[in-house]
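Every number in this text was worked out from the coordinates using simple rules, so none of it is lab data. A quick note: this is a predicted structure, and the numbers were derived from the prediction, not measured. When we count neighbours, we look across all protein chains shown, and the Cβ atoms used for this are built from the backbone with ideal geometry, even at glycine.
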Amino acid sequence: MCYNFGVDSYNMKKYEESSFWLSQSYDIGKMNIKYSPGAEVQAKVLRLLATVYLKWDCQQFQEKALNAVNLANKESVHPSGLYLKIRILLRCGAQDDHVRAGVTELLESEVPLEVCLSTVKLLMAEDRETLAFDYLKRVCQHFESSPELGSALVLHIELLLQRGKELLGKQKIEDIITGHYTGKQLSPQTLTCLHLLLWDKASKNFETKNFSEALQWYNYSLSFYKAGQMEPNLAKLQRNRASCLLQLQQLDKAKEAIKEAARCDPNSIFTQFSVYKIAVLENNVEKAAEAVKAIAALAQGPLTSEDRLLVAENAASNLLSLAAQIALENEQQDTAMKALESLCEHSKDEAQVLTALRCLVRLVLSTIEKASGEIGHANLDILLSYLKMALQKVSQLSPGPSMAVEQRTEDANWFRKIAWNSALQCESSPDRMRDFFLFSYQLSQFCPPDRAVLMGQKTCLLMAAAASLELCRKSPHSDQTEQLTQALEHIQICWEVWKTLKASGDNSKDPTNILLLLYEFEARAKLNDPKVETVLESVLELDNVEIKVLETMAALAMEPPAHFPLLCKKALRIALSLHRKQPQADLAHCSQCVHSLIQLSLPSGVSDVEARVLEEVWGYYEEALSIITAAPEDFPEMEILWLLTRAWNTGILLYSLAQYPEAERWCGLGMSFLRHLGSLQESYQTQMSGLYSEVLDRLDKAKKNLIMEE
């Protein structure tokens, strides 16, 4: 009961109470030998009592602690009691002689090797280095024939290396290596500890760029492996050796090391990475590409335990990133691009992929720059693929803290500008221009919608619509529907952006609305959309509509496959009216308008002759005559000849239909243009006069017949 009270008090750190109860327990045990719990139990009570004094205040209760542990060891010798005595001596700062006596007592008591090694570590921790090494030497001698001796030897090496005694440590290692091949092998567990010790030493030397020293430590580790042995750790060791050899520029030896690594563990991404490094150094582009492919494939499939641990932390992607860096350092741009493309394909880290894509874009741009700025279709298509992936990754970035939002904005803005600049390089390729401008617009949607971004969006959509229409013009009529529908989609979105811009500032000088109406008119006209008339009305409602816009719309209304002659004539009539209202009318443009109106309206065959149509055309001819009269010297002779010929042919058509009065009228109209002809007047007058006389004669006969019938 007293012992239990003592234990409970000790656990609650009530050392004074604990010492009282434990003392009581020991004294009660001595009272009656017959009922004594036995020497082992009494020793246990005393060891705990000594421990209480040690924890309570070792300096104040030094004597009591030592008395208690000595008494315990007299009652029943136990390794823990002997070890406790050394702890108390060290804590109390006892002289080396007293401590030496304690460890000698421990060694002579035939305690297990493990206790002896713990004592060595305790001595080192208390800065009794000389005692520790001396004692360790005696321990090794004492357990020389023990199969567990290896653990003592490894500890000896570890302590030597910790104290900077590398030469002695190396000597001990070489002794162990010799013993390993002469029947004194270390146990597997001890050998593993030694390997870890050697690798740690090698790693630290590698970090400080002492590569030859690092290689020596790795070679010590290699000495314990048999030729032909297959083990993943051996593969890792060979990779580490290869890294040292590469730094020492011993390429052939590094290749041998990697060959061994591949033999032991071919399915490790780290082995393949080492293969890649050597391929780059040898400028073996094909082998480097195969290694990159293998790294990516291994990262997706079943992994070794070592690889699985590291790949979980995105190590495969980091290796591909490092692979690209190595290739660039060795001026192998194509290999670097393959590594970065593989990284983009397999990494699940959107931010990492975007960084890789930036590098890829810069590499493509540098290729273009080296080619004196000549940007080929192949480079454009590569850029398009990168921008497509960038858009996807930017959209997948999770909005979170402000820094994450800022980063997404920065990435989107960077790629947006790249897409914009690339689009400007595609004058000869409207499909690529459209795609680049669309990517620029889509990426801009992840940027703050300030005025500059909105202006960029407007321009992107305008240019995308223009490019789609250009593609339509170059395509067969049967393939135009998709292009025209896409153009309309871009136009509709652009209208929304334009409305936002108009609400945010003065846009009076911006021609966007005119361009959008023109593009929409063309798309709807070629799609045979009835809403095309509404678009023309919207143009006519604009303030100060330009004549050129109306002329363009007139041309678009009849550009195949569009066919809207009425809309064309309406636009031309208004354009002609506006021309005539100008202070100084452009007679050449007026003439063109009249020409187009006449061409659209004149009958093309017998079935098209209508009095109403003829009257309409007659008005256009009167307009033409007034223009010619206003500036006869500026009017092209061939245009006058065309007007003359069309009027005369209309008269002849009517003559063939026996409509003699109308025939005379139109032939007379044709004759009226003769006086405005220059050098051609005489020859045409001779040809036309005879025929005109015949028309007049036939008209007279017709009139007489009419009188006789009456």
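Data for the structure
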item: Residue-span extension gain [Leu691 to Asp27] - 0.36 nm each, minus C-alpha spacing; result: 223.2 nm
item: Cα centroid separation, the range 531-560 to the range 19-61 (Å); result: 112
item: Dipole-positive endmost among Thr512, Cys447, Gln457 within the range 441-512 (Cβ charges, Cα centre); result: Thr512
item: Those GluC sites (Glu not before Pro) in the range 88-127 that DSSP places in a loop and that have at most 14 other beta carbons within 10 Å; result: Glu110
item: Phi to ³J(HN,Hα) by Karplus 6.51 cos²θ - 1.76 cosθ + 1.60 over the range 510-526, Hz, x for Gly, Pro; result: 8, x, 4, 5, 5, 4, 4, 5, 4, 5, 5, 4, 4, 5, 5, 4, 6
item: Distance in nm between pseudo-label sites at Asp127 and Met1 (7 Å out along the Cβ direction from Cα); result: 4.9
item: Relative contact order, percent, the chain [alpha-carbon distance under 8 Å, six or more residues apart]; result: 3
item: Estimated 222 nm signal from helices in the chain, with DSSP H stretches of n ≥ 4 weighted -39500 (n - 2.57), rounded to 500; result: -25500 deg cm²/dmol
item: Order of Ile574, Ile640, Ile258 - criterion: other Cβ atoms within 10 Å of each residue's Cβ, fewest first; result: Ile574, Ile640, Ile258
item: Inter-label distance, nm, simple model (7 Å from Cα along the C-beta direction), Glu144/Lys348; result: 5.9
item: Between 0 and 90°, nearest 10: helix 188-207 axis offset from the chain longest Cα axis; result: 50
item: Residues Ser440, Ser385, sorted so that the one with the fewest Cβ neighbours within 10 Å comes first; result: Ser385, Ser440
item: Neighbour-limited loop hits for trypsin sites (Lys or Arg not before Pro), the range 466-522 (at most 15 other Cβ within 10 Å; DSSP other than H, G, I, E, B); result: Lys509
item: Ranking of Trp648, Trp618 by count of other Cβ atoms within 10 Å, fewest first; result: Trp618, Trp648
item: In degrees, nearest ten, helix 315-329 long axis to first principal axis of the chain (Cα); result: 70
item: On Cα atoms only, tilt of 637-656 relative to the major axis of the chain in degrees; result: 60
item: Answer label, with Cα Rg over 2.2 N^0.38 Å calculated from the coordinates and candidates [x] 1.33; [y] 1.09; [z] 1.90; result: [z]
item: The range 50-83: chymotrypsin sites (Phe, Trp or Tyr not before Pro) in DSSP loop, at most 12 other beta carbons within 10 Å; result: none
